[in-house]
Amino acid sequence: MKHIERSGTLFRVTDPSWSDPLDTSYSKVHGGRWNPPGAFGVLYLCGSVLVAAANARKTYENEIATLYDLLPEVRPDLQYVEIKVTSFVDVFTDAGIRAIHLPSSYPRNTTWKRCQNIARQLYEKRERGIVYRSAATLSVIGEELAIFDRSLSLVKRGKRIRFSEWYPVEVSR
């Protein structure tokens, strides 16, 4: 497997009602792309505001409502997060994807179950997390970071801003 170093500002799309947007307990119970339900928690972060916007839209994909159908006060906030310089498992570069035995089309044609199985093995090997290609930005390669719950000391909470202040106007609606 390959590793890739990351640090600096990343972003978390968060429900305005969440008191602690860095809490991983919900992901531990329900699971996500990189954690099976009930196994361990993961903090999912976006590498850019455009990736965050794509993830906010993806939440409402195939739903009756879109982001703009929601009342303004319940549209997602954006939590800034600072990450200490750290080496993470690389599922972002072509070489990293090959090394972890995922198809070159990743994230297309790759089930959550397969990603969850890989993540379980990485968690057992005491890895800190995974830098990976975003499934929300398939027309361009966007980056996300999944930090395993035992590595949250790498994270520092930054400012949190309302939807109207962060969501890019050029991708609205």
Out of Ala56, Ala119, Ala52, Ala39, report the one residue that is within 28 Å of Ser153 (Cβ to Cβ), in contact with a helix residue (DSSP H, G or I) (Cβ under 7 Å, 6 or more places away or on another chain) and in a helix (DSSP H, G or I). Ala56
Find the residue count for segment 27-45, including only residues that are aromatic (Phe, Trp, Tyr) and over 14 Å from the mean Cα position of the chain (by Cα). 1
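Residue-wise test of (1) surrounded by 14 or more Cβ atoms within 10 Å (Cβ to Cβ); (2) hydroxyl-bearing (Ser, Thr, Tyr); (3) within 29 Å of Lys125 (Cα to Cα).
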site	(1), (2), (3)
Tyr26	no, yes, yes
Asn35	yes, no, yes
Val51	yes, no, yes
Thr66	no, yes, no
Leu78	yes, no, no
Lys84	no, no, yes
Thr93	yes, yes, yes
Ile97	yes, no, yes
His101	no, no, yes
Any hit, segment 83-90, residues being among the acidic types (Asp, Glu), under 16 Å from Ile130 (Cβ atoms) and modelled with pLDDT of 95 or more: yes
May I ask you to say which residue of Arg98, Arg126, Arg157 is charged (D, E, K, R), assigned to a helix (DSSP H, G or I) and either at pLDDT 95 or above or under 23 Å from Gly41 (Cβ atoms) (or both)? Arg98
Residue match in segment 73-91 (condition: under 30 Å from Met1 (Cβ atoms), out of contact with any helix residue (DSSP H, G or I) (no Cβ under 7 Å at 6 or more places or on another chain) and in a loop (DSSP other than H, G, I, E, B)): no
Residue within segment 46-56 that is at pLDDT below 95 and either more than 18 Å from the chain's Cα centre (by Cα) or over 30 Å from Arg162 (Cα atoms) (or both) present: no
What are the pairs with Cβ atoms under 6 angstrom where one residue, in segment 1-12, is over 15 Å from Leu43 (Cβ atoms) and the other, located anywhere, is polar (S, T, N, Q) and assigned to a strand (DSSP E or B)? Sequence gap at least six, or different chains. His3/Ser87; Glu5/Ser87
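The values are calculated or read from the model by the stated rules, or taken from the named source; none is laboratory data. These numbers come from a predicted model, not from an experiment. Methodologically, a virtual Cβ is constructed for each residue, glycine included, from the backbone with ideal geometry; neighbour enumeration extends over all protein chains shown.
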